[in-house]
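See structure below.
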Amino acid sequence: MLVLHGYFPKPLSPYPIGTPKLETSTVLCKDRILKVNCCNPNRQTERGIEFDIGGAFYRHESSTGRDLGILAASVYRQSKGGLRVLDAMCGCGIRSCRYLMEAEADFVLANDANDEYRDLIVGNLKQVERDETRWVVCHSEANRVLTERYLQRDFFDLIDIDSFGSESMFLRSAMLALRLGGLLYLTNTDGYSSGGHRPRHSLDAYGAFVRPLPFANEIGLRMLIGGAVREAAVLGYHVTPLFSYYAYHGPVFRVMLRMNRPKILENRDYGFIGYCNRCGHSQAFSWEELGKIGCSCCNSEGSRQGFVVSGPLWIGPLHSSDCITQMLDLAAEWGWVGNGAGVELEKLLKHMLDESDPRLPPGYIKLDEMTRRAKMNGPPLRMLMRTLQEMGYAASRSHIASSAIKTDCGMAVLIKLAKELVSVPQS
């Protein structure tokens, strides 16, 4: 049985003394019947699970990010045979509930710094069977909880940090408390820094000097991953993304990372991204290319005048194709996608699968930017993608921008191709 330590300011029992008897209703969660607390009128439902939000911050729009986390956690549990989760900022406790009920976690430590939420969190977690070894609620600052777990050699398979803004102070303590091969689910909601409007702030938080780029929301994901890559390297680890997810509400940037020991001479995919405002070409650069960075499309003496560089950032694939495939299969098995259900989730996972092509460079090209530079109306996106693929280029939709394309074809060639497609009469 887990031994817990003195940083818990409240009694450790997950069932507070004097809790009144609650009325319940029955819901079906996957293949299990669950009893749900119905005494509080301030209720929400997520994937069939009812819960009380009380005064805690809650966004229904963030449920997709929770869906992705549950799927990845369940895939991990199936492959490893166990799952211990630390929910560092649990809010009302819905993430912890879902890790227990849907991902079938063996144990969840649900922490929130606000001890006024204790009864709220406990009330929601009581939907799980009353086995005190499966979950515990505590109230402390996230870094303290993570550090205490590390000092007690009490490691977790998945650590979920749903933080606000560009807080990166949790990275090191989270990695120390994470089991080798475990998963780290990070959050950033700072759209100003990813948009290049606060480059010195992004430098302080993630070690990246970010300039304004037309694919700023993808930069937000790469900035977050890059900061984790840098912190992991200090500790002798290497992290790679299993998936990266952007949601426009907030905005919210979420990345699920796997932490391992680095292989000798491993390419860390950690470098710089350049963009030419003159021609629209973007390109990734390694550290070895510093001092030689410039626009490959412009050979004139002034070619660097409109060229901006951001970094260092993650410049590798945003997703693991193997992981996304397993998540998609599991979502179909659970009935979350397929047969008309979960259309948006299925579309998202399939876009992520396409985006995981290692040939695709960082960034995306918005069709309106291409047509503005070409001074013409562009061809349909599907036609353009199909033609690029037939020509041997990598091409996919972007889950971040619906009217954008990710491709290893440069802007100049893309404009030329688009003009040719528009000039050809369609039968």
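Could you say whether any residue in the range 177-192 is assigned by TED's automatic domain parsing to the domain that holds Y237, among the aromatic types (F, W, Y) and closer than 24 Å to R222 by Cα?
Here is the first cut: in the range 177-192, the residues assigned by TED's automatic domain parsing to the domain that holds Y237 are 177-192.
The next check asks that each one be among the aromatic types (F, W, Y); those that pass are 185, 192.
Add one more test, that the residue is closer than 24 Å to R222 by Cα, and what stays is 185, 192.
Yes - at least one qualifying residue is present in the range 177-192.
For the range 241-262, which residues satisfy the criterion of being part of a loop (DSSP other than H, G, I, E, B) and either in contact with a strand residue (DSSP E or B) (Cβ under 8 Å, 6 or more places away or on another chain) or within 15 Å of E231 (Cα to Cα) (or both)? Those that are part of a loop (DSSP other than H, G, I, E, B) and either in contact with a strand residue (DSSP E or B) (Cβ under 8 Å, 6 or more places away or on another chain) or within 15 Å of E231 (Cα to Cα) (or both): R261, P262. Residues in the range 84-101 that are under 21 Å from V255 (Cβ atoms) and surrounded by fewer than 24 Cβ atoms within 10 Å (Cβ to Cβ): 3 in all. Would you mind stating whether F51 is surrounded by fewer than 21 Cβ atoms within 10 Å (Cβ to Cβ), touching a residue at least 24 places away in the same chain (Cβ under 8 Å) and hydrophobic (A, V, I, L, M, F, W, C)? Taking the combined requirement at face value, the residue does not satisfy it. State yes or no: is R397 buried (at least 19 other Cβ atoms within 10 Å of the Cβ), of a type in the set (K, R) and farther than 29 Å from E104 by Cα? Yes: the conditions hold for R397.
Between E344, E369, which is under 27 Å from L221 (Cα atoms) and buried (at least 16 other Cβ atoms within 10 Å of the Cβ)?
Details: E344 fails: buried (at least 16 other Cβ atoms within 10 Å of the Cβ).
Just a single option satisfies the conditions, and that option is E369.
Scanning the range 270-328 for residues that are modelled with pLDDT of 90 or more and either among the acidic types (D, E) or not in a loop (DSSP other than H, G, I, E, B) (or both) yields a count of 30.
Looking at A341, A401, just one residue is of a type outside the set (D, E) and touching a residue at least 12 places away in the same chain (Cβ under 8 Å), and that residue is A401. Taking the range 348-382 as the region of interest, how many residues are assigned to a helix (DSSP H, G or I) and modelled with pLDDT under 95? Final tally of qualifying residues: 10. Going through (1) surrounded by fewer than 21 Cβ atoms within 10 Å (Cβ to Cβ); (2) in contact (Cβ under 8 Å) with a residue 12 or more places away in the chain; (3) not hydroxyl-bearing (S, T, Y) one by one, A177 falls short only on (1). Against the criterion of being within 15 Å of the chain's Cα centre (by Cα) and either surrounded by fewer than 22 Cβ atoms within 10 Å (Cβ to Cβ) or over 26 Å from A113 (Cβ atoms) (or both), S194 does not qualify. Of the residues contained in the range 199-218, none is found to be closer than 27 Å to K80 by Cβ, among the hydroxyl-bearing types (S, T, Y) and either in contact (Cβ under 8 Å) with a residue 24 or more places away in the chain or in a strand (DSSP E or B) (or both). Applying a threshold of 6 Å to beta carbon distances and a minimum spacing of six or more residues, or different chains, the list of pairs starting in the range 243-255 at a residue that is within 17 Å of G363 (Cα to Cα) and ending at one that is among the aliphatic types (A, V, I, L, M) and in a strand (DSSP E or B) reads F243/M256; S244/V255; V255/L186.
One line per residue, one yes/no per condition, for (1) within 24 Å of A72 (Cα to Cα); (2) out of contact with any Phe, Trp or Tyr (no Cβ under 6 Å at 6 or more places or on another chain); (3) at pLDDT below 95:
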{"site": "G123", "(1), (2), (3)": "no, yes, yes"}
{"site": "V128", "(1), (2), (3)": "yes, yes, yes"}
{"site": "V137", "(1), (2), (3)": "yes, yes, no"}
{"site": "E141", "(1), (2), (3)": "no, yes, no"}
{"site": "V145", "(1), (2), (3)": "yes, yes, no"}
{"site": "E148", "(1), (2), (3)": "no, no, no"}
{"site": "D160", "(1), (2), (3)": "yes, no, no"}
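Within the range 351-362, the set of residues being crowded, with 22+ Cβ neighbours inside 10 Å, touching a residue at least 60 places away in the same chain (Cβ under 8 Å) and not hydrophobic (A, V, I, L, M, F, W, C) comprises just one member, P362. Would a scan of the range 7-28 turn up a residue that is surrounded by 13 or more Cβ atoms within 10 Å (Cβ to Cβ), assigned to a strand (DSSP E or B) and modelled with pLDDT under 50? Within the range 7-28, one or more residues are surrounded by 13 or more Cβ atoms within 10 Å (Cβ to Cβ), assigned to a strand (DSSP E or B) and modelled with pLDDT under 50.
The values are calculated or read from the model by the stated rules, or taken from the named source; none is laboratory data. This is a predicted model, so every value here is computed, not measured. Heads up, the Cβs are rebuilt from the backbone with ideal geometry, glycines too, and the neighbour counts pull from every protein chain shown.
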